[in-house]
Amino acid sequence: MNEWTPVATVYNPLRAGSIDGTDVDPHDRAVWRAMVARYVPNKEVVGDPHHTLFVSRLNRQTTEEKLKEVFSKYGDIQRLRVVRDIVTGISKGYAFIEYKEERALLKAHRDANKLIVDQHELFVDFEQERTLKGWVPRRLGGGLGGKKESGQLRFGGRDRPFRKPINLPLMMSDHSFTDRQHTRGERQLSQERARDRQREKGIDRDERWRDRSQDREKGRARREERDRERERSDRDHDKERKDSKRERHRSKERNSKRVKDESRHRDKGRHKDRK
């Protein structure tokens, strides 16, 4: 049995989904997804993870220059990166700051948490993706913060540590679930749950396919309606143009007829005068 700590030293999705880190069975689908996930940290990320600070809950308007101004007072910054949307370029509300020295990192970790920047209270912690063994990101059901899967929380981090268990000696170790799988009953249970997951994946895939098909049909219907509206508009415009042209032609004919009548009337008058 591993010694209990309020902050996780090894990431275990089953413990992270438990308020005190003592659960032995997953109670939501996100925990299951994290347990079966095979996540490998991004190898293209540069910098020393042990000198890197994770800063979140940023104001979306906060810039790199503002962060550098705030965090440079703790020490020399090697590199700073605000994570932005690849399409819009809008900040996602978190950043990574790498310091040149470890003491600067520790000082920023101690003093910068809950600092107010641009009317937002920051959350500051060490980078965990490359330093916490077994780490699984939130998008795969893991993580140590935020809400997902009907409001389910994650525990074991600085912001939301484990609560001390009531019966600490009976607590299972970090690897308890893996050890339990070696028994025959647990193997059967794991197989049944794996089949359930496969069925759920199949159902989800079918639902996504139906949703995409419906979206395509709706999009096609909208395009056809727009085309019909455009054709009606073009026909109405052509009709108005033809009516206007016809009216101008009629007006011209009436004017021409009136001029002829007036000319004829004048000719008759002159003829009478000569007589």
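The values are calculated or read from the model by the stated rules, or taken from the named source; none is laboratory data. All values reported here derive from a predicted model rather than from experimental measurement. Every residue, glycine as well, gets a Cβ built from its backbone with ideal geometry; the counts of neighbours run over all protein chains shown. Areas reflect the complete protein model, heavy atoms only, side chains present, ligands, DNA and RNA absent. Shrake-Rupley method; radii C 1.70, N 1.55, O 1.52, S 1.80 Å.
Under a Cβ-Cβ cut-off of 14 Å, what is the net charge of the residues other than Arg248 that fall near it, where Lys and Arg count +1 and Asp and Glu count -1? Show your work: numbers first, answer last.
On the way: positive: Arg241, Lys242, Lys245, Arg246, Arg250, Lys252, Arg254; negative: Glu240, Asp243, Glu247, Glu253.
Its environment carries a net charge of +3.
Evaluate the charge dipole of the range 35-113 about its Cα centre and quote only its size in Debye, nearest 20, assuming +1 on the Cβ of each Lys and Arg and -1 on the Cβ of each Asp and Glu.
220 debye
If I stretch the segment between Val24 and Arg60 completely, what's the gain in nm (0.36 nm per residue apart, minus their alpha carbon distance), one decimal?
Gain in length upon complete extension: 9.0 nm.
Please give the direction-averaged projected area of the C-alpha convex hull for the range 39-88, in square nanometres with one decimal.
Value for the range 39-88: 4.9 nm².
Would you mind pulling out the separation of the Cα centroids of the range 105-121 and the range 227-260, in Å?
If you average the Cα positions of each part, the centres end up 73 Å apart.
Around Asp159, under 11 Å between beta carbons, what's the net of Lys plus Arg minus Asp minus Glu among the other residues? Provide the component values of the computation, followed by the final result.
On the way: positive: Arg57, Lys114, Arg154, Arg158, Arg160; negative: Asp125.
So the surrounding residues net to +4.
Could you do me a favour and compute the accessible area per residue for the range 6-98, 1.4 Å probe, result in Å²?
Averaged over the residues of the range 6-98, the accessible area is 56 Å².
When Lys and Arg each count +1 and Asp and Glu each count -1, what net charge do the other residues less than 12 Å away from Lys218, Cβ to Cβ, add up to?
Net charge around Lys218: 0.
Quickly rank 215-228, 80-93 as a protection proxy: mean count of other C-beta atoms within 10 Å, highest first.
Highest mean packing first, the order is 80-93, 215-228.
Could you check the spin-label model distance between Ser213 and Lys239? Points 7 Å from the Cα along Cα→Cβ, value in nm.
Spacing of the two 7 Å Cα→Cβ label points: 3.9 nm.
Over the heavy atoms of Ile77, what accessible area does a 1.4 Å probe trace out, to the nearest 10 Å²?
Rounded to the nearest 10, the figure is 30 Å².
Counting only protein heavy atoms and using a 1.4 Å probe, what share of the accessible area of the range 1-113 belongs to carbon plus sulfur, as a whole percent?
After summing per-atom areas, the C and S share lands at 49 percent.
So if we plug the beta-carbon distance of Ala221 and Phe126 into 1/(1 + (r/R0)^6) with R0 = 45 Å, what FRET efficiency do we get, rounded to 0.05?
In this case the efficiency is close to 0.30.
Roll a 1.4 Å probe over the protein heavy atoms and report the accessible area of His51 in Å², nearest 10.
That residue has around 40 Å² of solvent-accessible surface.
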